[in-house]
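The structure appears right after this line, and notes come after that.
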Amino acid sequence: MDRTRCVSFGIALGSYWKGSRPLMYLYCIANDQGLCKFGFSREPQRRLRALQTGSADPLFLVESVSVPEDRVREYERVLHQEFGHLRVRGEWFRCTPEQGAGYLTWFGIHYLST
């Protein structure tokens, strides 16, 4: 995946996010070795910089979707369960950046748009 084309954006799904509910983001951060990290953060770009400090490989933010803060941990757990068959270790999964973006988009459509 061309890292210069990777962008982070929140997908506005339904009216659930309207109002004063604080937002968090589920994100996909990838490296060039075929690994993606699925996690959550209030500021995915800041999280990327923090992870980059401890990584020998260049990392880049592939995708992010907005979720309500009070449900972010639940959604992250479900996301990890859905793609558990790809888990390498912890929050890192064996998939390309394109696949990671697709998985996060699929997750948003199936779990967050109701």
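Points worth noting:
- Filter result (outside any loop (DSSP other than H, G, I, E, B), in contact with a strand residue (DSSP E or B) (Cβ under 9 Å, 6 or more places away or on another chain) and modelled with pLDDT under 95) within region 5-50: Leu23
- Count of residues meeting criterion [buried (at least 18 other Cβ atoms within 10 Å of the Cβ) and touching a residue at least 24 places away in the same chain (Cβ under 8 Å)] in region 44-59: 2
- Residues that are surrounded by 19 or more Cβ atoms within 10 Å (Cβ to Cβ) and over 12 Å from the mean Cα position of the chain (by Cα) within region 69-98 comprise Phe83, Cys95, listed in sequence order.
- Some residue of region 34-43 being surrounded by fewer than 18 Cβ atoms within 10 Å (Cβ to Cβ) and within 14 Å of the chain's Cα centre (by Cα): yes
- Any chance Phe107 is buried (at least 19 other Cβ atoms within 10 Å of the Cβ), assigned to a helix (DSSP H, G or I) and of a type in the set (Phe, Trp, Tyr): yes
- Candidate set: region 100-114, residues that are out of contact with any Leu (no Cβ under 6 Å at 6 or more places or on another chain) and of a type in the set (A, V, I, L, M); chosen: the one farthest from Glu63 (Cα to Cα): Ile109
- Selection from region 78-104 of residues that are free of Cβ contacts under 8 Å to residues at least 60 places away in the same chain, within 13 Å of Gly39 (Cβ to Cβ) and in a helix (DSSP H, G or I): Leu79, His80
- Residues that are polar (S, T, N, Q) and in a strand (DSSP E or B), drawn from region 51-77: Ser64, Ser66
The values are calculated or read from the model by the stated rules, or taken from the named source; none is laboratory data. No experiment lies behind these values; they were computed from the predicted model shown. We place every Cβ from the backbone using ideal geometry, glycine too, and count neighbours over all the protein chains shown.
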